[in-house]
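Asks: Sharing a structure here in structure tokens format.
The values are calculated or read from the model by the stated rules, or taken from the named source; none is laboratory data. Note that the coordinates shown come from a computational prediction; the quantities given were computed from them, not determined experimentally. Don't worry about glycine lacking a Cβ; one is built from the backbone with ideal geometry, like all the others, and counts go over all protein chains shown.
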Amino acid sequence: MKILAIETSCDETAVCIMEATGDIKSTKFNILGNALYSQIAIHKQYGGVFPALAKREHSKNLVLLLNKALEEAKMESQNLTPTLSSEKERELETLLEREPELLKQFLEFLPTQSKPDIDAIAVTQGPGLAPALWVGVNFAKALSAVWNIPIYPINHMEGHILSPLIEAHQLEKISFPAISLLISGGHTEIVLVKDWLEYEVIGKTKDDAVGEAFDKVARMLGLPYPGGPEISKLAELAPADHGVVFPRPMLKSDDLDFSFSGLKTAVLYFIKKQIELTPEIKASIAKEFEDASVEVLVTKVRKALEMYPAKTLILGGGVIANKKIRLAFEKLITEMSDVQLLLPPLQIATDNAVMIAIAGYFNIISGKQPKIEFGAEGNLSL
Ligand code: KG4
Ligand code: ZN
């Protein structure tokens, strides 16, 4: 089966065309076309993601990315479609009335492309920035209306959880219950995966997400957005005996919850007390902040694995691009030697449409029904 997936939850616009085969225990994925445009350079000047701007950029780029993905998949048209009926055109105008730029491009694109060989559309429904999500959802509905292809709304977090399965051999490592840690700019969650597509959030942040804390601390240190990679780079320059100490919030609490705002505030107070922020002090702050984050994440995940008990650990979300975090979890599973670790390839650790296609396929083969009437949901939970 061939799936067209669309992701617009935050600051990445992405379209993927995926070929998927096999049942739930033997799925195989083959990326036929994949196009992604990151808006980071645009948001950088504002020091974070600006929702109205994200929406505008998705609107501007979706048709181009679709075209690119179709080309890569060798699905671009040879034979031109007949012109749209005026009835269809009115339907599209209604669906995309809030995205005039997208509508214009789509109406220009349609006569150049006949219906491609695609069986299903998977689109991110949430969670994320509502204005950004709506662009993807409305575009999916417009495509569905002209090409008569069913749509499966997808939870973005489910996409992150299932993303390691792009590699067929990872499938063998999964046993249930599994524990998944999802860490990104918007989320810090420990999810109990009870069975295929059965989730329960068993721990989450009470305030800031880890990635958000990395971004905010980076800003305090004068580093550009996104702050995660910048903090990591700077931390490597810190002396071993730097002497800076930050708290590990909620490390010893009985639950599986986190708090990163306290840690961020500790950094702020520490900075305010300094007479001068030398490069060495900055590097020390970055290192101690990173170490504190890693320690809380690993401790809580260890606890979750022991509590249930679970033999599979799945990591996902943009923050797992962090080398120290990955190393810390690799160390954890050498200590808990019966636990299997699943990590997505780095290119699909941050937001992308490949993971939405994977989640779409699992939804379809599990018997989920396509939807017509649905909207974006910024606060969608698992
Ligand atoms: O999953 P993602 O691409 O988008 C969201 O859904 O939020 O994650 C982006 C987040 C940003 O906060 C960014 O600073 C963080 O991931 N990040 C990192 C690293 N690379 C990206 N955080 C720590 N260390 C990194 N190397
Ligand atoms: Zn994400």
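Here's the yes/no breakdown for (1) surrounded by fewer than 22 Cβ atoms within 10 Å (Cβ to Cβ); (2) modelled with pLDDT under 95; (3) acidic (D, E):
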residue	(1), (2), (3)
K272	yes, no, no
L315	no, no, no
K323	yes, yes, no
A328	yes, no, no
I333	yes, no, no
L343	yes, no, no
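For every residue, the table says whether it meets (1) surrounded by fewer than 16 Cβ atoms within 10 Å (Cβ to Cβ); (2) away from ligand 2 (no atom under 16 Å from the Cβ); (3) at pLDDT 95 or above; (4) assigned to a helix (DSSP H, G or I).
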{"site": "G228", "(1), (2), (3), (4)": "no, no, no, yes"}
{"site": "A238", "(1), (2), (3), (4)": "no, yes, yes, no"}
{"site": "F246", "(1), (2), (3), (4)": "no, yes, yes, no"}
{"site": "V267", "(1), (2), (3), (4)": "no, yes, yes, yes"}
{"site": "E276", "(1), (2), (3), (4)": "yes, yes, no, no"}
{"site": "K282", "(1), (2), (3), (4)": "no, yes, yes, yes"}
{"site": "A286", "(1), (2), (3), (4)": "no, yes, yes, yes"}
{"site": "R302", "(1), (2), (3), (4)": "no, yes, yes, yes"}
{"site": "E306", "(1), (2), (3), (4)": "yes, yes, yes, yes"}
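Asks: Among F176, F139, which is the only one that is more than 16 Å from ligand 2 (Cβ to nearest atom), of a type outside the set (A, V, I, L, M), modelled with pLDDT of 95 or more and buried (at least 24 other Cβ atoms within 10 Å of the Cβ)?
Replies: Answer to the check: F139.
Asks: Let me ask something else about it. Please determine whether any residue of region 342-352 is in contact with a Cys (Cβ under 8 Å, 6 or more places away or on another chain) and either within 15 Å of ligand 1 (Cβ to nearest atom) or assigned to a helix (DSSP H, G or I) (or both).
Replies: Checked region 342-352: at least one residue is in contact with a Cys (Cβ under 8 Å, 6 or more places away or on another chain) and either within 15 Å of ligand 1 (Cβ to nearest atom) or assigned to a helix (DSSP H, G or I) (or both).
Asks: Quick one: which helices (runs of 4 or more DSSP H) sit completely within region 15-118 and have at least 2 residues that are under 26 Å from K2 (Cβ atoms)?
Replies: Because the criterion is at least 2 residues that are under 26 Å from K2 (Cβ atoms), the helices (runs of 4 or more DSSP H) in region 15-118 that meet it are 51-72, 86-95, 100-109.
Asks: May I pose another question? Looking at region 141-165, I want the residues that are within 14 Å of K371 (Cα to Cα) and have a partner that is surrounded by fewer than 21 Cβ atoms within 10 Å (Cβ to Cβ) and among the hydroxyl-bearing types (S, T, Y) with Cβ atoms under 6 Å, at least 6 apart or on another chain. Which pairs are those?
Replies: I151/S144
Asks: While we're looking at this one, here's another question. Restricting to region 1-14, what's the tally of residues that are touching a strand residue (DSSP E or B) at 6+ places or on another chain (Cβ under 8 Å) and assigned to a loop (DSSP other than H, G, I, E, B)?
Replies: So the answer is 4.
Asks: Give all pairs with beta carbons closer than 7 Å in which a residue from region 367-382 that is at pLDDT 95 or above meets a residue that is of a type in the set (F, W, Y); count only pairs at least 6 apart in sequence or on separate chains.
Replies: Taking only residues 6 or more apart or on different chains, the pairs are K368/Y152; P370/Y152; A376/W134.
Asks: While we're here: Determine whether region 205-222 contains at least one residue that is more than 9 Å from ligand 1 (Cβ to nearest atom), assigned to a strand (DSSP E or B), surrounded by 20 or more Cβ atoms within 10 Å (Cβ to Cβ) and modelled with pLDDT of 95 or more.
Replies: The answer is yes, given that some residue of region 205-222 is more than 9 Å from ligand 1 (Cβ to nearest atom), assigned to a strand (DSSP E or B), surrounded by 20 or more Cβ atoms within 10 Å (Cβ to Cβ) and modelled with pLDDT of 95 or more.
Asks: A follow-up question, please. How many residues are free of Cβ contacts under 8 Å to residues at least 12 places away in the same chain and either buried (at least 21 other Cβ atoms within 10 Å of the Cβ) or within 11 Å of A286 (Cβ to Cβ) (or both) when one looks only at region 248-265? Step through it out loud before you land on a result.
Replies: Filtering region 248-265 down to residues free of Cβ contacts under 8 Å to residues at least 12 places away in the same chain leaves 252-254, 265.
Subset that is either buried (at least 21 other Cβ atoms within 10 Å of the Cβ) or within 11 Å of A286 (Cβ to Cβ) (or both): none.
Residues flagged as free of Cβ contacts under 8 Å to residues at least 12 places away in the same chain and either buried (at least 21 other Cβ atoms within 10 Å of the Cβ) or within 11 Å of A286 (Cβ to Cβ) (or both) within region 248-265 amount to 0.
Asks: Follow-up question, since we're still on this one. Test E172 against the criterion of being in a helix (DSSP H, G or I) and either within 14 Å of L197 (Cβ to Cβ) or within 16 Å of ligand 1 (Cβ to nearest atom) (or both), and give yes or no. Talk me through it step by step, then tell me what you get.
Replies: Details: in a helix (DSSP H, G or I): yes; either within 14 Å of L197 (Cβ to Cβ) or within 16 Å of ligand 1 (Cβ to nearest atom) (or both): no.
So E172 fails the test.
Asks: I've got another one for you. Quick check: is even one residue across region 192-203 in contact (Cβ under 8 Å) with a residue 12 or more places away in the chain, part of a loop (DSSP other than H, G, I, E, B) and within 16 Å of ligand 2 (Cβ to nearest atom)?
Replies: No: region 192-203 contains no residue that is in contact (Cβ under 8 Å) with a residue 12 or more places away in the chain, part of a loop (DSSP other than H, G, I, E, B) and within 16 Å of ligand 2 (Cβ to nearest atom).
Asks: Within region 175-188, can you find the residues that are part of a strand (DSSP E or B), within 13 Å of the chain's Cα centre (by Cα) and either within 18 Å of L346 (Cβ to Cβ) or free of Cβ contacts under 8 Å to residues at least 60 places away in the same chain (or both)?
Replies: L181, L182, I183 - these are the residues of region 175-188 that are part of a strand (DSSP E or B), within 13 Å of the chain's Cα centre (by Cα) and either within 18 Å of L346 (Cβ to Cβ) or free of Cβ contacts under 8 Å to residues at least 60 places away in the same chain (or both).
Asks: Going by what's in this entry, would V135 be described as away from ligand 1 (no atom under 12 Å from the Cβ), over 30 Å from A266 (Cβ atoms) and not polar (S, T, N, Q)?
Replies: yes
Asks: Scan region 308-334 for residues that are within 20 Å of the chain's Cα centre (by Cα) and either acidic (D, E) or part of a helix (DSSP H, G or I) (or both) and jot them down. Full working, then the answer.
Replies: Keep residues of region 308-334 that are within 20 Å of the chain's Cα centre (by Cα), which gives 313-326, 329.
Matches in region 308-334: G318, V319, I320, A321, K323, K324, I325, R326, F329.
Asks: Right, here's the next one. For A145, are the conditions met, namely being closer than 24 Å to M18 by Cα, of a type in the set (G, A, S) and part of a helix (DSSP H, G or I)?
Replies: Yes: the conditions hold for A145.
Asks: If I filter region 154-166 for residues that are part of a helix (DSSP H, G or I), away from ligand 1 (no atom under 16 Å from the Cβ), in contact with a Pro (Cβ under 9 Å, 6 or more places away or on another chain) and among the hydroxyl-bearing types (S, T, Y), do I get at least one hit?
Replies: no
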